[in-house]
Amino acid sequence: MSGFDLDLDLARKALDGQPFSRLLGARITAFGDGAAVLELDIREELHQQNGFLHGGVLSYAADNALTFAAGAALGPAVLTAGFSIQYVRPATGRVLIARASVVHAGRRQAVVRCDLLTTDGEGGEETLCAVAQGTVLSAPKTGG
């Protein structure tokens, strides 16, 4: 889908360049062909008052997964123009998985969908907890 020389290692370096992503302990586990998977371990300090994963963490994961998936199609210089998220059930478990894929890509923008799932660990059953969709734009080139 893309003629860009991007790979999982470069995506991991880009994610590691985000201080907030490092704070959350996010990791990219798949990247390429207009898709990306971001994961993070669910821990108590990421919960809201009822013991569920905070919606802001779900939104963070959706935003980053959408943007990385679009970057796999449009190139590495992209910005989220906007996205919406629908929470379908409280997020519980040990690992949050944000699985994003490009629905449509043009020359300068992509529409991307992201399923947010939780699991109890390695090989565990996945439970859908939210769905997001957004538009990601190619970032303007800066001089320098």
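Considering only residues of region 1-47 that are in contact with a Gly (Cβ under 7 Å, 6 or more places away or on another chain) and either modelled with pLDDT of 95 or more or in a strand (DSSP E or B) (or both), which is least open to solvent (accessible area, probe 1.4 Å)?
Taking the candidates together, the pick is Leu40.
Could you check region 48-77 and list, in sequence order, the residues that are within 16 Å of the chain's Cα centre (by Cα) and surrounded by fewer than 12 Cβ atoms within 10 Å (Cβ to Cβ)?
Gly56
Taking the conditions exactly as written (open to solvent by less than 40 Å² (accessible area, probe 1.4 Å) and modelled with pLDDT of 95 or more), does Leu128 satisfy them or not?
Against the criterion (open to solvent by less than 40 Å² (accessible area, probe 1.4 Å) and modelled with pLDDT of 95 or more), Leu128 does not qualify.
State which residue is farthest from Ser21 (Cα to Cα) when the search covers only region 78-116 and only residues that are small (Gly, Ala, Ser) and surrounded by fewer than 18 Cβ atoms within 10 Å (Cβ to Cβ).
Checked region 78-116; the qualifying residue farthest from Ser21 (Cα to Cα) is Gly106.
To keep it simple, each residue is scored yes or no on (1) aliphatic (A, V, I, L, M); (2) touching a helix residue (DSSP H, G or I) at 6+ places or on another chain (Cβ under 9 Å); (3) under 15 Å from Ser101 (Cα atoms).
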| position | (1), (2), (3) |
| --- | --- |
| Lys13 | no, no, no |
| Pro19 | no, no, no |
| Ile28 | yes, yes, yes |
| Gly32 | no, yes, yes |
| Ala35 | yes, yes, yes |
| Asp63 | no, no, yes |
| Ala70 | yes, no, yes |
| Ala81 | yes, no, no |
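Examine region 49-64 for a residue that is more than 16 Å from Thr127 (Cβ to Cβ) and touching a Pro at 6+ places or on another chain (Cβ under 9 Å), and state whether such a residue exists.
Yes: region 49-64 contains one or more residues that are more than 16 Å from Thr127 (Cβ to Cβ) and touching a Pro at 6+ places or on another chain (Cβ under 9 Å).
Among the listed residues Arg108, Arg94, Arg99, which satisfies the condition of being of a type outside the set (A, V, I, L, M, F, W, C) and in contact with a Ser or Thr (Cβ under 6 Å, 6 or more places away or on another chain)?
Arg108
Conditions tested, residue by residue: (1) out of contact with any Cys (no Cβ under 9 Å at 6 or more places or on another chain); (2) touching a residue at least 60 places away in the same chain (Cβ under 8 Å); (3) among the polar types (S, T, N, Q).
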residue	(1), (2), (3)
Asp41	yes, no, no
Leu46	yes, no, no
Gly56	yes, no, no
Asp63	no, yes, no
Leu74	yes, yes, no
Ala91	no, no, no
Val103	yes, no, no
Glu122	yes, no, no
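The values are calculated or read from the model by the stated rules, or taken from the named source; none is laboratory data. Because the structure is a prediction, the values reported are computed rather than measured. Heads up, the Cβs are rebuilt from the backbone with ideal geometry, glycines too, and the neighbour counts pull from every protein chain shown. Side chains included, ligands, DNA and RNA excluded: accessible areas come from the protein's heavy atoms. Shrake-Rupley method; radii C 1.70, N 1.55, O 1.52, S 1.80 Å.
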